[in-house]
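A.B. asks: For reference, the structure I am asking about is given below.
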Amino acid sequence: MKSIMEVSLKIKLFTLFFLILLLWSGCEKNTADMVIQNGKIYTVNEFNPLVEAVAVKGGKIIALGSQEDVSQWIGDQTKIINLNGGTMIPGLIEGHGHFMGLGFAKMRLDLTTISNYDELVSMVDSAVGRSEPGEWILGRGWHQSKWTSTPSPAVKGFQTHEKLSAVSPNNPVWLTHASGHAGFANAKAMEISGISAESQFGEGGEIIKNLKGTPTGIFNERAQGLISRNVPATGSGHAEKAFELAVQASLESGITSFQDAGSGRSTIALFRNGLNSGKLKVRLYVMLSSQDPDLLEEWYKKGPEIGTGNDYLTIRSIKLNADGALGSRGAWLLDEYTDRPGHVGMATQPMDYVYDVSSNGFANGFQVNTHAIGDRANQEVLDQYETVFNENPGIDHRWRIEHAQHIDPKDIPRFAEMGVIASIQAIHLSSDRPWAIYRLGPKRIKEGAYVWRKLMDSGAIVINGTDVPVEPVNPIASFYASVSRKTLAGIPDGGFEPDQKMTRFEALKSYTINAAYGAFEEDIKGSIEVGKYADFTVLSQDIMTIPEENILSTKIRYTIVNGKIEYQAK
């Protein structure tokens, strides 16, 4: 009898233990991995724009609402982030940047802060003192139109190499313009590259020479390759370091997704290695570089790659390049530059090539995104797009024009009519507008440059970014430029062409849901809604309500990707 009672007791204890385990297991299944609460959370969902708390499980949003609504999802293992009345927004999406360019820029001379040519020479002089003879000195970020004084002598608005060459006789020097559309070489670099008064360059580039026909050291657009092809290739470790620096810089800037504006075979391999190793901590949307026709042919055959590795890597678009930059006077204009009579810039890829790639891209399921800054380039690209659309009507293509910086007034409505997305970088207005008026003149500036409001009012989708490393990867600065249309120094009062400002909500959308739409990803990210990825940016202050002059002091407190804290401010 005792034995039977012992067995019965054991069965009851086992049953009770099992029921407790089952109950505990069920409770855990109904609890969140993370709850973010006690703050102002802007969802960018117009039907539920502001909530107090969000619950996350398995990298996705499972609930949102009031503090009380979300509290039911809190369990013993739930990580709690208390915003303490702070602000959270959907994870910021860099709509147009150069991911590896961001990393490499951090490994070279940073010329973005210099205010004149003499400072550039001094910085190179210091670098020479740290280098071995024959070692290349590389840098990026100079912009002659932003300097406080004009260099003398100057040819076609640019400095000449003599001062630079005097401090670096034994070291080749190659310094890329802030825009990436021009480069500055010293005498040693030109000697190594075989550049002389007899050197010429054809369509799509320019070797700038003085009146005697001597190269000044400035190489515009595609002519940069005459020098850059002689810069020694670096090892894979160098590229891997640049990749890691780019990941970290993005996270520190609150960026959870990055739309990479043109990569080749080796870079894509590097991205894939980063994904496989767990080092890729931001989501990448990659545009294939059209400068490698063989690469495009390979991808036409296999088609787009969408959502690899939990949507950390997508390759479904092609990047074309129609013209150069306004700063280097390479942007392709309908009429001559105001400050360089007789010059209208240039096409950097023939329009028949733009059509061929667009047609083939369409046929094989790829989005096509084309760099176009000048009004002639924008018009020509819209013409090529329109031809392809007319041949293939009724498809949701979401093709883009990258920059869309200066548009002929009659072409502005075509963006909305054709469904072409304007991928702008508001920070370019802040940096460039003070000198851009000298390139275009007041009439063209007012009617067609940085015309975000005209584009939006006509029904076009506008997305935002920084074009890093052309500008620092700082979405807060670009947000500020979007709503103020001022320089980062707060000039002028009221902003440049203030009728073209974005509202703060429009600016936030341009960095979140609009950017997601521009990559066919609005169903998985870009707003804070149940079922979407838990990609969030937590800010030090409320950029939607604070005085405009305080926006630039906003810091990133947390960057959360896939429900994981990838960056936390110290």
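A.B. asks: Where a Cα-Cα gap under 17 Å defines reach, which aspartates and glutamates qualify for LYS443, not counting those fewer than 8 residues away within the same chain?
C.D. replies: Of all the aspartates and glutamates, those that pass the test against LYS443 - Cα under 17 Å, at least 8 places apart if same chain - are ASP335, GLU336, ASP339, ASP375, ASP408, ASP411, ASP432, GLU497, ASP499.
A.B. asks: Aspartates and glutamates within cross-link reach of LYS301: Cα-Cα under 17 Å, excluding same-chain residues under 8 positions apart?
C.D. replies: By straight Cα distance, LYS301 reaches ASP292, ASP356.
A.B. asks: As a quick test, which of the pairs LYS156/LYS241; LYS146/LYS570; LYS525/LYS564 have an alpha carbon distance above 27 angstrom in this structure?
C.D. replies: Values: LYS156/LYS241 38 Å; LYS146/LYS570 34 Å; LYS525/LYS564 15 Å.
Result: LYS156/LYS241; LYS146/LYS570 exceed 27 Å.
A.B. asks: Related question: Give me the number: length gained by fully extending GLU191 to GLU240, i.e. 0.36 nm times residue separation minus the C-alpha to C-alpha distance, one decimal in nm. It would help to have the intermediate numbers written out before the result.
C.D. replies: Numbers: separation 49, 0.36 × 49 = 17.64 nm, distance 3.09 nm.
Using 0.36 nm per residue and subtracting the Cα-Cα distance, I get 14.5 nm.
A.B. asks: In whole angstrom, note down how far apart the Cα centers of the stretch 410-452 and the stretch 132-176 are.
C.D. replies: With the stretch 410-452 and the stretch 132-176 each reduced to a Cα centre, they are spaced 30 Å.
A.B. asks: Along the charge dipole of the chain, pointing to its positive end and built from +1/-1 on Cβ of Lys, Arg, Asp and Glu, which listed residue (PHE201, ALA569, GLY217) has its Cα farthest out?
C.D. replies: Value: ALA569.
A.B. asks: Might you report the magnitude of the Cβ-based charge dipole of the stretch 31-88 about its Cα centre, with Lys and Arg at +1 and Asp and Glu at -1, to the nearest 20 debye?
C.D. replies: Details: 4 positive and 6 negative charges, 37 e Å.
Using Cβ point charges on Lys, Arg, Asp and Glu, the stretch 31-88 gives about 180 debye.
A.B. asks: Mind checking the angle between helix 117-129 and the chain's longest principal axis? C-alpha axes, 0 to 90 degrees, to the nearest 10.
C.D. replies: Orientation of helix 117-129: about 70 degrees from the principal axis.
A.B. asks: Moving to a separate point now. Per-residue counts of other Cβ atoms within 10 Å, averaged by peptide: what ranking do you get for 42-52, 184-194, highest first?
C.D. replies: Details: 42-52: 16.0, 184-194: 21.4.
By packing density, highest mean first, the sequence is 184-194, 42-52.
A.B. asks: Further, regarding this structure: Could you work out the relative contact order of the chain? I mean the mean sequence separation of Cα pairs under 8 Å and 6+ apart, divided by the number of residues, in percent.
C.D. replies: Normalised by residue count, the contact order of the chain is 16 percent.
A.B. asks: About the Cα centre of the stretch 100-228, how large is the charge dipole given +1 on each Lys and Arg Cβ and -1 on each Asp and Glu Cβ? Please answer in debye to the nearest 20.
C.D. replies: Details: 11 positive and 12 negative charges, 39 e Å.
In debye, rounded to 20, the stretch 100-228 gives about 180.
A.B. asks: Next question. With a/c under 1.5 counting as rounded, go ahead and sort the stretch 444-570 into rounded, prolate or oblate using the C-alpha gyration tensor (a ≥ b ≥ c being the square roots of the eigenvalues; past the cut-off, prolate if a/b is larger than b/c, else oblate).
C.D. replies: Details: a/c = 2.13, a/b = 1.35, b/c = 1.58.
Here the stretch 444-570 falls in the oblate category.
A.B. asks: Please work out whether the stretch 31-88 counts as rounded, prolate or oblate from its C-alpha gyration tensor, where a ≥ b ≥ c are the square roots of the eigenvalues and a/c under 1.5 means rounded, while otherwise a/b larger than b/c means prolate and anything else oblate?
C.D. replies: The shape class here is prolate.
A.B. asks: Would you please put 259-272, 216-229, 295-308 in order of how densely packed they are, using the mean number of other Cβ atoms within 10 angstrom per residue and starting with the highest? Let's see the in-between values first.
C.D. replies: Values: 259-272: 19.9, 216-229: 21.8, 295-308: 14.3.
Final packing ranking: 216-229, 259-272, 295-308.
A.B. asks: Tell me the relative contact order for the stretch 31-88 as a rounded percent, counting alpha carbon contacts under 8 Å between residues six or more apart. Mind showing how you got there, number by number?
C.D. replies: Working: 122 pairs, mean separation 27.4, N = 58.
Relative CO of the stretch 31-88 lands at 47 percent.
A.B. asks: For the chain, find the longest principal axis of its Cα atoms and tell me its angle to the long axis of helix 375-391, 0 to 90°, nearest 10.
C.D. replies: Once rounded, the angle reads 60 degrees.
A.B. asks: Also, quick follow-up: Can you grab the distance from the C-alpha centre of the stretch 338-352 to the C-alpha centre of the stretch 46-84, Å, no decimals?
C.D. replies: Answer, in whole Å: 53.
A.B. asks: On to the next question. Once Rh for the chain is found with the Kirkwood sum over Cα pairs, what is the Stokes-Einstein diffusion coefficient at 25 °C and 0.890 mPa s, in µm²/s? Let's see the in-between values first.
C.D. replies: Details: Rh = 25.3 Å.
So the translational diffusion coefficient is about 97 µm²/s.
A.B. asks: Using per-residue counts of other Cβ atoms within 10 Å, averaged over each peptide, order 144-156, 101-113 from highest down. Don't skip to the end; give the middle numbers.
C.D. replies: On the way: 144-156: 14.7, 101-113: 19.2.
Ranking the peptides 144-156, 101-113 by packing returns 101-113, 144-156.
A.B. asks: Mind checking the stretch 63-158 for GluC sites (Glu not before Pro) that DSSP puts in a loop (not H, G, I, E or B) and that have at most 15 other Cβ atoms within 10 Å?
C.D. replies: Values: sites: GLU68, GLU94, GLU119, GLU135; in loops: GLU135.
Those that pass, being in a loop and sparsely packed, are GLU135.
A.B. asks: Which shape class applies to the stretch 100-228: rounded if a/c is under 1.5, otherwise prolate when a/b exceeds b/c and oblate if not, where a ≥ b ≥ c are the square roots of the Cα gyration tensor eigenvalues? All intermediate terms of the calculation are to be shown ahead of the outcome.
C.D. replies: Details: a/c = 1.30, a/b = 1.22, b/c = 1.06.
Rounded shape, in that the Cα axes give a/c under 1.5.
Every number in this text was worked out from the coordinates using simple rules, so none of it is lab data. Please read all numbers here as calculations on a predicted model, not as lab measurements. With ideal geometry, Cβ positions are generated from the backbone for all residues, glycine too; neighbour counts draw on all protein chains shown.
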